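A short reminder: the numbers here are calculations on the coordinates, not readings from a lab. Fair warning: this is a prediction, and the values are worked out from it, not measured in the lab. Methodologically, a virtual Cβ is constructed for each residue, glycine included, from the backbone with ideal geometry; neighbour enumeration extends over all protein chains shown.
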Amino acid sequence: MAQSRSMEVGSCSRNFIAPHVHILRNSISGPRWESQTTYVAFSTYIFLVNCVQPLRLSPCYRIIIRWFPGSQYSLLLGYASDGSRLVAGVVAISIDRRKVLVVESTNRDNHWVLPKGGYETDEPTPEDAASREAWEEAGITGKITRNLGEIRDPRPQDVLDAAKSNNNIIPCTTYYFFEFKVEKEETLWPEMHKRRRRWMTYEEATRCFKEMDRPELLEAIERSSILR
C-alpha cells in the first residue's frame, strides 16, 4: 500500500510539474533562477495553475520548497528521537543488474552519489521519500523491490558531537536505502538543470564512493543485488 501511494504521488508531481518547469527553465536561467523574486513568481504561477487542479497542490509545493535556497524546506525535514536527520534514498539497479544509476552532487562537479534526500514530515514512510527522491534527483520511475535497511552515520563520534554546535557541519544522519527497479528514465525532471545522471558498474561506483569517502553509499550498494 505504501509503495502504491508513493508511486501515485511521484506520478502526480511528474506529470503536472514537468511541463511547467520546462517552460520556466527555458525563460529563466543562471542566478536569476535561484533568486527570491523568481521563487515568488514561480510559486504564484503554480498556485494559479493549481486553482483548477487543487488536489495536486501539495506535491507541487513540496517540489517548489525544495528547489530554492533560503526557503522553508528545513521545516519539512524529519528527525529521529535522538536528533539525527532522516534521509531516504535508492540504489537504482538496471534490468540486467549490472549497473547502478548515480547523480551528480550539486555541491561538487564530478562528485557522484546515490539519489537520496530528507525524509519529510508529511511523508508516511521512508519508501515514499525514497521514491520521490528517485524522481526529483534522477528522473526515474519504477518500483522499490527491497528494503536495504537502516545505515547509521559512519562519521567519527567527535565529528558528530561537533555537529551539534556547529551549523557548518552536517548533523548526524540516519539513512534508509531501498533497492529500486528502474522502469523508465524521463527526459524532463525537477533537477535536470542542477545535476547530471549516469549509469556505473559496481566497480566504477564503489571506486567513486571510496575516493569521495562516502562509506554510507558503499554500504548501501554492498547490500544491493547488483552483480559484482
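Please enumerate, by chain and number, the lysines with C-alpha under 25 Å from the C-alpha of Lys99, excluding those fewer than 8 residues away in the same chain.
In chain and number order, the partners are Lys116, Lys143, Lys181, Lys184, Lys194, Lys210.
For the range 76-223, compute Rg over Rh where Rg is the Cα radius of gyration and Rh is the Kirkwood radius from the inverse mean 1/r over Cα pairs.
On the Cα set of the range 76-223, Rg over Rh gives 0.95.
Net charge within 13 Å of Arg152 by Cβ-Cβ distance, Lys/Arg positive one each and Asp/Glu negative one each, not counting Arg152 itself? Spell out each step's value before the answer.
Values: positive: Arg85, Arg155; negative: Asp82, Glu150, Asp153, Glu216, Glu219.
Here the charged neighbours net out to -3.
Taking 7 Å along the Cα-to-C-beta vector as the label spot, tell me the Ile95-Asn107 distance in nanometres, rounded to one decimal.
3.7
Starting from the 7 Å offset along Cα-to-Cβ, what nm value, one decimal, do you get for the label separation of Arg228 and Arg198?
That separation, rounded to one decimal, is 2.5 nm.
Considering only the other residues whose Cβ falls under 11 Å of the Cβ of Glu104, what net charge follows from Lys and Arg at +1 and Asp and Glu at -1?
Numbers: positive: Arg108, Lys194, Arg195, Arg196, Arg197, Arg198; negative: Asp109, Glu137, Glu191.
After counting each charged neighbour, the total is +3.
Scan around Val91 for amide H atoms under 5 Å from its own, H built in the peptide plane at 1.01 Å from N, and keep only partners 5 or more places away or cross-chain.
Correct list: Phe178, Glu179, Phe180.
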